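The values are calculated or read from the model by the stated rules, or taken from the named source; none is laboratory data. Note that the structure is a prediction, hence the values are computed from the model and not measured. Please note: Cβ atoms are built from the backbone with ideal geometry, for glycine as well, and neighbour counts cover all protein chains shown.
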Amino acid sequence: MITSKQSSIKQFLAPTVEVISQVLELPVSIWLFEQTKKQYRIFASIGLSNEYVDLAFLDPNETSVLTNVLNTGQTKYVTDIQSEKNWKYKSEALRMNLKSAVFEPLLIKKRIVGVLDIYIPKNKDFLFEEKKHIIKSLANQISAVLRQINNLTLLNEVNLYISTELKKSPDLFDRIMQSAQKVLNCEHVSVFLVEGENNDLVRKASSPSPSDLQRERFKSGEGLAGLVAQNGESLIVSDVRDFPEFLPGMFNPDVEERSMLLIPIKLDNNIVGVISADMDGLGGFDEQDNILLEVLAMQAGIAIQNVNLFQKEHTQALALSELNRIAQQLIAIEESSDIKNLLKRIAEVAKKVLNADLIELYEYNTKKKKFVLPQITVGEKLKTSFIEEIFADNAVWQLINYPDPLFEENVKNNPIFADPYSGGKGENSQERFIIREKIKSTAAIPIRINKESIGLMFANYREYQTFSTEKKELIQLFANQAAIAIKNARLYNEVIRRRQILIEIGQKLTEQIYLNEKEILDLIYKQASKLIDTSNMSIALYDEKTNYIHFALAYLFGRCVDIKEEIEWEPRKGGKTEQVIKNKKYLLLSTKRAIKKRGFSPIPGLENSEGKIACSWLGVPMLLGNRVLGVIANHNYDYEHYYSKDDIKILQALANQAGIALENSRLYDNLKNLNNRQKALVEISSKLTSGIRLKETEIYELIYEEASKLLNMENFSIALHDQEKNTVWFVLASVKGERVDVTKPGWGPREGGIGKTETIIQNKKKLLLQTHEEVKNRGFSPTPGDKDYKGEMASSWLGVPMIVGERVLGVIANYCYGQDYYFKKDDIEIMQALADQAAIAIDNTRLFIQLEDINKEQWNLVNQLEKVNRRQDLLVSFGSQLGSRIRYGETELFNFIHEQAHEFMDTDNMYIAIYDNTNDIVRFGLAYKNGEKIEIPSRKAGRGRTEEIIRTGEPIFIATRKESEEWYKQPGRIDYIEDPLASWIGVPMKVENKVIGVIASYHPTKDNLYSKNDLEILQSMADLAAITLENARLYRELDEKILELEKAQEKIAESQTVITRTSIAADFVHRLNNLAGTIPIWVDQISDNLSTDIPNFDDIKKYLDKIQSNTDGLLRAAEQLKALPQPQLVDIKDTLEALVRQTRVQTSEKIEIALECTETLQPINAIASELANALWTIIENGIDAISDEGKLFLKAMPFIEKDGREWIKIQITDSGKGISKEQMDKIFSPFYTTKTGHLGYGLWRAKNIIEKLKGNIKFESQEGKGTTFFIHLPSSMEVMKNG
Amino acid sequence: MDNKTKASILVVDDQDNWREALTDLLSNEGYTVKSVSCFDDAKYEIEQKQFNLYILDIRLVDTDVFNIQGLELLRLIKEKNVGSKVVILTGYAESIRDGVLDRYKADALILKVPERSRFNSKEFIKKIQELLQDKN
């Protein structure tokens, strides 16, 4: 059976088939068994149609010419395909014009595995007898190829099978046996092992053989196995009877024809066992089988050695006890982070254990293929020498790749040590080490991890040694232990290094945002100096983990000193700082005596200070929760009892703040809280004047750079995610070690994808694909988005999300080729940590840029001049007020700006000019001079100062009249108002870099009135004004468009609730006033009562009760508000009467209001307040239309339609100014108004309410005469009828 | 004793707390105070007696958004034309001032809760005193 992968077989067979086809000049195909489909199919072909090759198959049980050949092993010649009854694909053969065919079986060692098929087309002559031999030999060639493929595959499998770690030898022997069976395709295999003093062969594993007598033990030289064990040579036996050495008792003599293959298992040139295979018949094994089994035996040898080593560890008590001791020592060393130190200890132990005179230990860097120099030397050296370079023919280089220790009892006999070598130039290097140091014997011990040399140790002896087996084993075991220790130390170092780099990244990424410790401490000092005498202040930081105190800041006599000493903290008696830390409480020493008793030195830790002793000392802990982060201390040299209770409190408060700040700066993880970070950012950005901040791209590079210290970055990518657009794109990528241009297609933004990256983003969880298969199933391409990728699949893929809070900013991914389960736990952790860091950094940068953008102008001003603060605040409030007035007309906006701007500028002399881009006209919307409103005529844009600002987009600053005159003197400039004025500042109003106008402020006579700050304020104001003006303009445009009621309708639902609530709210306010309004009266009464000589407490109690009951009433009212009103039956007559009454209250007597109403009107099913509101709007509209005198007439009556439906008809007529033709189609539009101070949605809303009640509203109007609104509402009866 | 003791005041308000508070406040100042809570009681008092001063709430039925019976009472009082002073005391907002004073001829409008402020007992008393002196 062919067990190899189909694809590799096809690959191997293709050239073979081509050759055959060329030789025969005929179409050819090879049929083999396909494992997955359990069918025979064409694996290779030439000259056949592709459709046929893809289509054709045969089941093993199917009757056909081919299966017949497979079963019989006989060549078959089909002379006429069409007349052959067992031919399956006759029509295909006809189509391909094939006449006859030859089938030749393919055999691997007598086993039929497939068929070579040769086809003869109709037009070709073919003589079978002539060709049959060549066909046979071609078939043999194919068989050979197939066998090779088979062998390779088998060996590979077997190697994996055997070398998988085993602790028990029986299992191992079974595995060796099974492997041999598979490799040789032979059932009967036995594994023997040499054991005991007499080197007997003992059967360790065997497969049942009917002919085998299962003899368990052979003496050395006994039987064929014994023969092989003795000779150490493999043996192919074609016929067991040929061998006289064959003794009875091994095989059943009844079986005559039997062939055998026997291979010795060798270990260090010793024969440790034999593998024996046998099969029925003669000549069952050939040379290839021999080679295969030899390879297997080699593998078996290594595996047996490994198991033996393991077992010997348990048996050799003496060596073991010594080794245990070493192991313990080495494990202890493992904690040390210094590899050099560890190697030194190993060498020292080695010298002792091995009784050597001189130990030399060379560390070898496998990756760089270099020795780490200098080597470790332990023992007395006769001559001082330094090795600068190890030359290729030096013993060290020659031995580094030796797998096993080399024991040389006389070094002069071994050319590796004794022969002169070429490399060196100096005298030292030319003299061999052994001569120089008078070495007689040496043991060269490789120190290896996973078969890789990491070092080489020489145990040198100046006396001749004999290396006993015990000693050798001890040395070997020692080397193993040393290797483990070094490995552990390296791992430990690696962990430390990784951690450090992580911290480094964290710092690099976050220091851009946070104040560092030093900055915090400096800030604390600065703040403290405002509150207390800090001329002798120190801040000590305490590290809980290391138990160290470290003075981070110190001042002596007002000067900053740099105390870099670190003193280990032990709870010593009398240490002041230590006591503060221990007690978590302040320590105050108020007399010189007390301080002296405690011990004092201006420099902490200096025990015998001869200097001046302080008179007062105060230290407070920096507390965070229950932890002490450090101590802030002050002392004073001049006064005893210098520090008061207040000082303690102040210092403690400061220390607490410091604690929090320090902790914040330390725990950058806290950044994850967005709000805090924003606050922190605002705070910090106001404190930081400047500083280089990382751009996002710099962050990616930094991540890549830092990550490459931690991870294999051959295949790495960073993708970002835009939550709003739901897009993903790559910002950095590396494929097979090459950086990729991510601007290329595939890396660019993609929307709503379903790739791995999107999955990670959606799940907010890492995605780990651990095997080739998993990656394949998930879809993979080195270029994202490439769906048709047919290339090499990665074997391990890991992607982790970059998350801040709930938002996924992106994904970083890493993958590798050719290794399943590549990512270990700490790789994953590192990736995640990296992603966390990156996320925070990116988010910070974004946030920062955001803040910077928004507040740049404002913050600059704040930072530069504190005095501007107030103006700035006003400007901000101006901005927000202005911003909310987008429904204002232009003139109103100008007036508003003028009105508001006086807070921070001189509005007596200012103008606002608007530039009409389309017509190139400058229009002065507002202008003041000396407090008087003036008119500056609009003009075609010319060469005035305003135009200059419009043209350049830059502000103009003129300090004096003279300067102004000079300005106008420039050629082509025109002074349109014919007054150069004195101080003059003007700034552009810009929207998206387009100048829409100019604001200027000036003074007719005074020079030097404005500072640069004034200019900046004016610019800020102009920016705000520009935005509002532009928004207002856009709004006006929008207003036109909003006429489409369809769209407006959508908003009705939500606005309705709000507005309904608003109208309820008005009522609520009324009630509130009723309920709460009396509280002040009671309070007044109480206060009056209390101010009398004898307060009446009964009265006061009474008043308090009243207040209480008022408050209760309020709460109840608030509860009522929560419920939305429900429709009810509303009496229109009552409603209209009430409305009329209310209208009368609110309007002048000159307006006559009349109501005419049919007595018996059906009620309307509606929310009373809503309906009243709608009617009220129309009434109000009518009143407003009447400018001074006039009449408002309301009429309500039933109205039966022709179809019998019952309506209520309401007419509201005013004698006002009427509605102009242009306005008629707009009055029901939302936010349309002709009235200032109105939001303008009243009529729109009224219409909506009426329409919601299934009614309608219309109007008739005549300009100058008045308007009548007609409202039709279905009666409640009607609504009920209709359900 | 000054003229205050003789001055009589009718308080009309449907809100118990206001009636109590005003009664308390004015009594402490020495005025003779009577209070009623609804339109009918008030109308009865107005028709039967004559007070020096009336303090009227506008909305006399709390739950009726459009109730302005207080203004009806004002009209009744003014129709009698005996020189009594009428103070409208209301929970409504400033916007009704013109209508109440011009159209309904009230002598004063006092808001129960002035905008951005609170009811000031002293100023209230001062206003009452002014109105009563004006009469004399």
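(1) outside any loop (DSSP other than H, G, I, E, B); (2) hydrophobic (A, V, I, L, M, F, W, C); (3) over 20 Å from A:ILE699 (Cβ atoms): which one isn't true of A:ILE812, the others all being true?
Status for A:ILE812: all satisfied but (3).
Out of the helices (runs of 4 or more DSSP H) lying entirely within the range B:1-57, which hold 1 or more residues that are more than 14 Å from every other protein chain (Cβ to nearest Cβ)?
B:3-6, B:39-48
Does the range A:1149-1167 contain at least one residue that is within 11 Å of chain B (Cβ to nearest Cβ), within 27 Å of B:ARG97 (Cα to Cα), among the small types (Gly, Ala, Ser) and surrounded by fewer than 19 Cβ atoms within 10 Å (Cβ to Cβ)?
Within the range A:1149-1167, none of the residues are within 11 Å of chain B (Cβ to nearest Cβ), within 27 Å of B:ARG97 (Cα to Cα), among the small types (Gly, Ala, Ser) and surrounded by fewer than 19 Cβ atoms within 10 Å (Cβ to Cβ).
Quick one: A:LYS37 ticks every box in (1) closer than 30 Å to A:LEU292 by Cβ; (2) surrounded by 13 or more Cβ atoms within 10 Å (Cβ to Cβ) except a single one, so which number is it?
(2)
Pick from the range A:1094-1144 the residues that are in a loop (DSSP other than H, G, I, E, B), surrounded by 11 or more Cβ atoms within 10 Å (Cβ to Cβ) and more than 13 Å from chain B (Cβ to nearest Cβ): which of them is modelled with the highest pLDDT?
A:PRO1127
Could you please give the count of residues in the range A:941-976 that are over 15 Å from A:ASP916 (Cα atoms), surrounded by 16 or more Cβ atoms within 10 Å (Cβ to Cβ) and hydrophobic (A, V, I, L, M, F, W, C)?
5
Give the range A:1156-1171 a look and list any residue that's closer than 16 Å to A:MET1197 by Cα, among the hydroxyl-bearing types (Ser, Thr, Tyr) and in contact (Cβ under 8 Å) with a residue 40 or more places away in the chain, or say none.
Of everything in the range A:1156-1171, just one residue is closer than 16 Å to A:MET1197 by Cα, among the hydroxyl-bearing types (Ser, Thr, Tyr) and in contact (Cβ under 8 Å) with a residue 40 or more places away in the chain, namely A:THR1158.
Restricting to the range A:108-128, count the residues that are surrounded by fewer than 17 Cβ atoms within 10 Å (Cβ to Cβ) and closer than 21 Å to A:SER21 by Cβ.
Residues flagged as surrounded by fewer than 17 Cβ atoms within 10 Å (Cβ to Cβ) and closer than 21 Å to A:SER21 by Cβ within the range A:108-128 amount to 7.
Looking at the range A:524-537, can you tell me whether even one residue there is at negative phi, modelled with pLDDT of 75 or more and assigned to a strand (DSSP E or B)?
Yes, that holds for at least one residue.
Can you find even one residue in the range B:104-122 that is part of a helix (DSSP H, G or I), within 13 Å of another protein chain (Cβ to nearest Cβ), at pLDDT 75 or above and over 12 Å from A:VAL1145 (Cβ atoms)?
yes
Which of (1) closer than 17 Å to A:ARG1245 by Cβ; (2) away from chain B (no Cβ under 12 Å); (3) in contact with a helix residue (DSSP H, G or I) (Cβ under 6 Å, 6 or more places away or on another chain) is the odd one out, the single condition A:GLY1182 does not satisfy?
Result: A:GLY1182 fails condition (3) only.
List the residue pairs whose Cβ atoms are under 6 Å apart, where the first residue sits in the range B:15-38 and is on the phi > 0 side of the Ramachandran plot, the second is in a helix (DSSP H, G or I) and of a type outside the set (Asp, Glu), and the two are 6 or more positions apart or on different chains.
B:GLY30/B:LYS4; B:GLY30/B:THR5
Could you tell me which of the residues A:ASN252, A:ASN269, A:ASN324 is in contact with an Asp or Glu (Cβ under 8 Å, 6 or more places away or on another chain), of a type outside the set (Gly, Ala, Ser) and modelled with pLDDT under 80?
Of A:ASN252, A:ASN269, A:ASN324, the one residue that is in contact with an Asp or Glu (Cβ under 8 Å, 6 or more places away or on another chain), of a type outside the set (Gly, Ala, Ser) and modelled with pLDDT under 80 is A:ASN252.
Restricting the range A:1164-1191 to residues that are under 18 Å from A:LYS1209 (Cβ atoms) and not in a helix (DSSP H, G or I), which is nearest to the chain's Cα centre (by Cα)?
Out of the qualifying residues, it is A:ALA1166.
Any idea how many residues of the range A:743-787 are surrounded by 14 or more Cβ atoms within 10 Å (Cβ to Cβ) and not in a loop (DSSP other than H, G, I, E, B)?
Of the residues in that region, 14 qualify.
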